[in-house]
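A short worksheet on the structure shown next.
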Amino acid sequence: MIRICTAILFVLLIPPTLQAQTGKFIDLSLLVSAEYPCTWPDGFPRFHLQHVHRIGRASAYNIDTLTIDGNTGTQMDVPPHSVARPELKLPHSGPFGDEFTDKTPAWKFVGEACVLDIRELLDKGAPGVSPLITKQHIDAWEQRHRALRFGDVVLFRSGYTDKYYVPFPLGRRFLADVLEKKYPGYPDPEPQTMEYIAKKGVFHIGTDSPSMGTLPPELADPAHLAALKYGAIFTEGATGLGALPTTGAFYCMMGPKHVGGPYGEGRAFAVTGPLAKTLIASARAKRVRDVSVAMSIDDPLTWPGKGVGRHRRRYTKSDFIWAENLQLYHHGHVMDSQAGTHLVPPAYALPPTPIDPNAYAPQDRIILEDYEREFGKRGVSKVTTEQVPLSMTSGWARVIDVTGLVGSTTRAVWPASPQVTVDLIKAYESESGELQPGEVVILRSGHTDRHFRPFPEGSACLVEPINGVSEGWPALTPAAVMYLADRGIRCVATDGPTLGGVDPENALQTYWALGSRGMVAVEFLTNLANLPKQAYFLFAPVKIKGCHGGPGRAIILH
C-alpha cells in the first residue's frame, strides 16, 4: 500500500504536515494475454507477446515485442471512433473528429465514478441481442442519488466481464459465441441514453461489457456516436466495478498516446479514501497535465542500440480494415514493450531464479562481479508488469531538477551520461525537505522537451547519445537507487528515455539495484517544467501478463 496524504482544502492538492493517510487503489482492468478473449474476434489482429530475448549470453535483459490492437482488453474509445474529421465534411463529421488518443485532453481520463447497477439486465437479451440500458435507468439513479454533472464518470455495472472473461476455450462465451448468436448479448445503452448522459456534461462513460457497441450491430455505431459527437470518451471492458461505492471514488482510464488512434488499449482503476476527494477536485477543475510522449512511427520511441544490428523492435503501425464512413484505417501496433512512456518492472533485468554467472556474456559477468562487490548479492524476480500494483507507480511527485548536469561531460568520454548521485539527491533534500516513503521521485532534465522530435531531428534523442555523437541524458547511479530505497521510495521516473543512461555498465547496475530493492521505474516522460510544488503523479501501464515492459500513460494532477 502506498503512503499518501489527504488535502485540507479540496480545491488544492496540499497534503497535511501532521498526518498522512492512505487511499486504496482498485484495479478495474482485464488481464491481457493470448489465453484470454482479449481481442475483438471478428477479423481483428490477435494479441501476441513475443519474448525476443531472455537473460543470458545474448542479452542482460528480458526483452519483449508486442503485437496489440487498440480493441484489446480494457480499452478506450475517443471521438474519432465514430466521428469523422471535420474537414472531410462527411455525414458523421464533427468538431471532435480529430481528437485522437494523442489529442484527447487528460482531464477527460479522470473524474468521480458514478456506478449504475444494472445487473438485472445480465443474460436477459435474446441470442446476439443486448438488453438495453434506457434513460429510465438513468432517471432512477439520479432520483436515488443526485443529478449527473461535469466531472462525473458514468459506469455501467452488469457483472458481464466478471462472469465471462475467462481463458479459452470457455472464453469464447465472452464475445465470439455472442457474435455468432449462441448466447444473449452483453447489456449496453440505447442511443437515447448516451445522448442524455452526454448532454448532462459528462465526458467519460464506461461499461463492464466488452464494448459500448450495442447489439445487434446496426445499433453499435449509433450508440457510440450519440455520445462521442459531444466529445465524450468511453471505457470498454472494465471489470470489478462492484468494488466501488456508488459515488465518491476517483476514477481514471488511460493508455498509450498513439498518434492518430481512434481507440486504444488502456488501464482503468479507481482510488477510494481521503485521497479520492482531492483527486476528484483536480479533475473537475481540469487541473490535469499529460506528461507522456506521443507515439508515432516518425518518432524516436525505441532503443536503437549502439552501432548496427542491436536495435529493438521499432514502433510500427499496422493498418488492417478501411472504415469508409470515417475515411481511415483501423489499425494496431507492433512495438518493443518499452516503447514510449513505459514501466520497467523488476523482472526486466533480474532472472526469475538464481543463474550461473557464466550464463552471461563476459562483459556482463564482469559488471555483475563489480556490482556484487559493492552492493552485495544481486536479487532475482518474477515480477512482471501485471504484478506491479498501481499504487506503486503513483504518489505525490518530488521533482528533482537535474538540468544543471546537462553539458557537464566532455566529448572525450562519450558515450556517457551525467550522473545523478547520492550527493545531488541529498542537496535537493536539504533545500526542499526530506523524501518521504511512497513519494514518486521524478528526474527532470528537459531531455525529451529538447530532443523528442520526428526523424531525422529525432536522432538527437537516442541514436546520437548512444553512439557518442552527443552527451547522454542524466542517469541515476546504483548507489543513488540504494539511497532512495532506504528512504522508502518505490518508484523513480525520468524524462530521459531510460533511467540508466547510455553507459552500459551504469545502466545494467542501476536496473539490478532497482529490481533487487523491489523498485520500479517509469521512463520517457516529458512536459515536466513549471509543475506546482504539490502535485500527484499517476502512471498506469497496460495490464499484460508476463510482460517485461509496459507501455502506458502518465499524468499529473495538481
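The values are calculated or read from the model by the stated rules, or taken from the named source; none is laboratory data. In this text, all values refer to a predicted model and were calculated from it rather than measured experimentally. Quick reminder, even Gly has a Cβ in these numbers, built from the backbone with ideal geometry, and neighbours come from all protein chains shown.
What are the residues in the stretch 339-374 that are surrounded by fewer than 20 Cβ atoms within 10 Å (Cβ to Cβ), under 30 Å from residue 68 (Cβ atoms) and of a type in the set (S, T, N, Q), if any?
The one that is surrounded by fewer than 20 Cβ atoms within 10 Å (Cβ to Cβ), under 30 Å from residue 68 (Cβ atoms) and of a type in the set (S, T, N, Q): 353.
Here is a list: 416, 475, 485. Which entry is of a type in the set (Gly, Ala, Ser) and free of Cβ contacts under 8 Å to residues at least 40 places away in the same chain? Walk me through it before giving the result.
Working: 416 fails: free of Cβ contacts under 8 Å to residues at least 40 places away in the same chain; 475 fails: free of Cβ contacts under 8 Å to residues at least 40 places away in the same chain.
Just one listed residue meets the conditions, 485.
I'm told residue 196 meets every condition in (1) outside any loop (DSSP other than H, G, I, E, B); (2) within 27 Å of residue 41 (Cα to Cα) except one. Can you identify the failing condition by its number?
For residue 196, the failing item is (2).
Quick one: in the stretch 194-214, which of the residues that are in contact (Cβ under 8 Å) with a residue 60 or more places away in the chain and out of contact with any Asp or Glu (no Cβ under 7 Å at 6 or more places or on another chain) is surrounded by the fewest Cβ atoms within 10 Å (Cβ to Cβ)?
This residue is 196.
Residue-by-condition table, conditions (1) not charged (D, E, K, R); (2) not in a helix (DSSP H, G or I):
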{"site": "353", "(1), (2)": "yes, yes"}
{"site": "364", "(1), (2)": "no, no"}
{"site": "368", "(1), (2)": "yes, no"}
{"site": "381", "(1), (2)": "yes, yes"}
{"site": "392", "(1), (2)": "yes, no"}
{"site": "398", "(1), (2)": "no, yes"}
{"site": "408", "(1), (2)": "yes, yes"}
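Could you please give the count of residues in the stretch 410-442 that are surrounded by 17 or more Cβ atoms within 10 Å (Cβ to Cβ) and among the hydroxyl-bearing types (Ser, Thr, Tyr)?
Within the stretch 410-442, residues that are surrounded by 17 or more Cβ atoms within 10 Å (Cβ to Cβ) and among the hydroxyl-bearing types (Ser, Thr, Tyr) number 2.
Select from the stretch 46-80 the residues that are of a type in the set (A, V, I, L, M) and in a strand (DSSP E or B) and list them in ascending order. Working first, answer last.
Taking the stretch 46-80 first, the residues of a type in the set (A, V, I, L, M) are 49, 52, 55, 58, 60, 63, 66, 68, 76, 78.
Matches in the stretch 46-80: 49, 52, 63, 66, 68, 76.
For residue 191, all conditions in the list (1) within 20 Å of residue 139 (Cβ to Cβ); (2) buried (at least 20 other Cβ atoms within 10 Å of the Cβ) hold save one; what is the number of the exception?
(2)
Every residue, every condition in (1) under 27 Å from residue 285 (Cβ atoms); (2) out of contact with any Pro (no Cβ under 8 Å at 6 or more places or on another chain); (3) at pLDDT 95 or above, yes or no:
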| residue | (1), (2), (3) |
| --- | --- |
| 118 | no, no, yes |
| 127 | no, no, yes |
| 140 | no, yes, yes |
| 153 | yes, yes, yes |
| 156 | yes, no, yes |
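Out of the residues in the stretch 271-313 that are basic (Lys, Arg) and touching a residue at least 24 places away in the same chain (Cβ under 8 Å), state the one that is surrounded by the most Cβ atoms within 10 Å (Cβ to Cβ). Can you show your working first?
In the first step, residues of the stretch 271-313 are kept if they are basic (Lys, Arg); the result is 277, 284, 286-287, 289, 306, 310, 312-313.
Subset that is touching a residue at least 24 places away in the same chain (Cβ under 8 Å): 277, 284, 286-287, 289, 306, 312-313.
On the way: 277: 16, 284: 18, 286: 13, 287: 19, 289: 17, 306: 14, 312: 22, 313: 20.
Once the filter is applied, the top-ranked residue is 312.
Residues checked against (1) in a loop (DSSP other than H, G, I, E, B); (2) more than 22 Å from residue 202 (Cβ to Cβ):
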| position | (1), (2) |
| --- | --- |
| 130 | yes, no |
| 142 | no, no |
| 146 | yes, no |
| 149 | yes, no |
| 154 | no, no |
| 161 | no, no |
| 168 | yes, yes |
| 173 | no, yes |
| 182 | yes, yes |
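Of all residues in the stretch 247-289, how many are touching a helix residue (DSSP H, G or I) at 6+ places or on another chain (Cβ under 7 Å) and either part of a loop (DSSP other than H, G, I, E, B) or of a type in the set (Phe, Trp, Tyr) (or both)? Give the derivation first.
Residues of the stretch 247-289 touching a helix residue (DSSP H, G or I) at 6+ places or on another chain (Cβ under 7 Å): 248-250, 252-254, 262-263, 269, 271, 283, 286, 288-289.
Within this subset, residues satisfying the condition of being either part of a loop (DSSP other than H, G, I, E, B) or of a type in the set (Phe, Trp, Tyr) (or both) are 248, 250, 262-263, 269, 286.
So the count comes out to 6.
Give the stretch 239-256 a look and list any residue that's touching a Ser or Thr at 6+ places or on another chain (Cβ under 6 Å) and under 20 Å from residue 133 (Cα atoms), or say none. Step through it out loud before you land on a result.
Here is the first cut: in the stretch 239-256, the residues touching a Ser or Thr at 6+ places or on another chain (Cβ under 6 Å) are 239, 249, 253.
Hit for the stretch 239-256 is 239, nothing else.
Here is a list of conditions, (1) buried (at least 18 other Cβ atoms within 10 Å of the Cβ); (2) touching a residue at least 40 places away in the same chain (Cβ under 8 Å); (3) not assigned by TED's automatic domain parsing to the domain that holds residue 201, and residue 266 meets all of them except one; can you say which number that is?
For residue 266, the exception is condition (3).
Which residue pairs have Cβ atoms under 6 Å apart, sit 6 or more places apart or on different chains, and have a first residue in the stretch 530-554 that is of a type in the set (D, E, K, R) and a second that is in a loop (DSSP other than H, G, I, E, B) and surrounded by fewer than 24 Cβ atoms within 10 Å (Cβ to Cβ)?
If the second residue must be in a loop (DSSP other than H, G, I, E, B) and surrounded by fewer than 24 Cβ atoms within 10 Å (Cβ to Cβ), the pairs left are 543/31; 545/31; 545/33.
Please tell me if residue 386 is surrounded by 15 or more Cβ atoms within 10 Å (Cβ to Cβ), of a type in the set (Asp, Glu) and not in a loop (DSSP other than H, G, I, E, B).
Working: surrounded by 15 or more Cβ atoms within 10 Å (Cβ to Cβ): yes; of a type in the set (Asp, Glu): yes; not in a loop (DSSP other than H, G, I, E, B): yes.
It is true that residue 386 is surrounded by 15 or more Cβ atoms within 10 Å (Cβ to Cβ), of a type in the set (Asp, Glu) and not in a loop (DSSP other than H, G, I, E, B).
Yes/no matrix, rows are residues, columns are (1) modelled with pLDDT of 95 or more; (2) closer than 19 Å to residue 295 by Cβ; (3) not small (Gly, Ala, Ser); (4) not assigned by TED's automatic domain parsing to the domain that holds residue 388:
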| position | (1), (2), (3), (4) |
| --- | --- |
| 56 | yes, no, no, yes |
| 61 | yes, no, yes, yes |
| 100 | yes, yes, yes, yes |
| 103 | yes, yes, yes, yes |
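Looking only at the stretch 195-209, decide whether some residue is of a type in the set (S, T, N, Q) and within 19 Å of residue 28 (Cβ to Cβ).
Start the filter on the stretch 195-209 by keeping residues that are of a type in the set (S, T, N, Q), which leaves 207, 209.
Checking which are within 19 Å of residue 28 (Cβ to Cβ) leaves us with 207, 209.
Checked the stretch 195-209: at least one residue is of a type in the set (S, T, N, Q) and within 19 Å of residue 28 (Cβ to Cβ).
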